[in-house]
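Below is one structure; the comments refer to it alone.
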Ligand SMILES: [Zn+2]
């Protein structure tokens, strides 16, 4: 989260003002307003053709050494679907296809502030799983035997994905 003291456009010291119901920093010279918005993250709930779920053990902060779903920050210019599949590909070398949106969520991160998390169900039809430096390990697991996932948002995404399957069977 960036904290500004000076206007990033013109360099004038910023003032604080109440704008659109919130206290925000604003520039008295050029009228720039510091809107604080959540960072967008895409998460991939990824299954193979046997219906097993891909989970990864993270080698980076935040959630160091925790089992999780693959995902990461969107880059400028890409759609959330593209970002979701790119993160999956970078972390595991797997090429997936988006099946459907599971949900959009809000989370507060100590490291990054407010996050907007978009979760998709992804299917992987083939390919060799090869992890990058961001992970310690990764694998597809039958639902009954997936490793313990402690990240509350990822627990929620898994629950929502499974409820969706239940409500909209193929
Ligand atoms: Zn300015």
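The values are calculated or read from the model by the stated rules, or taken from the named source; none is laboratory data. Just so it is clear, the structure is predicted and the values come from calculations on it, not from any experiment. Virtual Cβ from ideal backbone geometry, glycine too; neighbours counted across all protein chains shown.
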Checking 122, 117 in turn, the sole residue that is under 13 Å from residue 53 (Cβ atoms), within 17 Å of the chain's Cα centre (by Cα) and either assigned by TED's automatic domain parsing to the domain that holds residue 70 or assigned to a strand (DSSP E or B) (or both) turns out to be 122
Subset of the range 3-37, residues loosely packed, with under 10 Cβ neighbours inside 10 Å and within 15 Å of the ligand (Cβ to nearest atom), comes to 5
Practice task
Within the range 54-61, identify whether any single residue is out of contact with any strand residue (DSSP E or B) (no Cβ under 9 Å at 6 or more places or on another chain), more than 15 Å from the ligand (Cβ to nearest atom) and not assigned by TED's automatic domain parsing to the domain that holds residue 143, and answer yes or no.
Solution key: no
Going through the range 87-104 in order, the residues found to be under 12 Å from the mean Cα position of the chain (by Cα) and free of Cβ contacts under 8 Å to residues at least 24 places away in the same chain are 104
Of those in the range 125-141 that are part of a loop (DSSP other than H, G, I, E, B) and touching a helix residue (DSSP H, G or I) at 6+ places or on another chain (Cβ under 9 Å), the residue farthest from residue 50 (Cα to Cα) is 134
The number of residues in the range 152-170 that are modelled with pLDDT of 95 or more and either surrounded by 10 or more Cβ atoms within 10 Å (Cβ to Cβ) or not assigned by TED's automatic domain parsing to the domain that holds residue 64 (or both) is 9
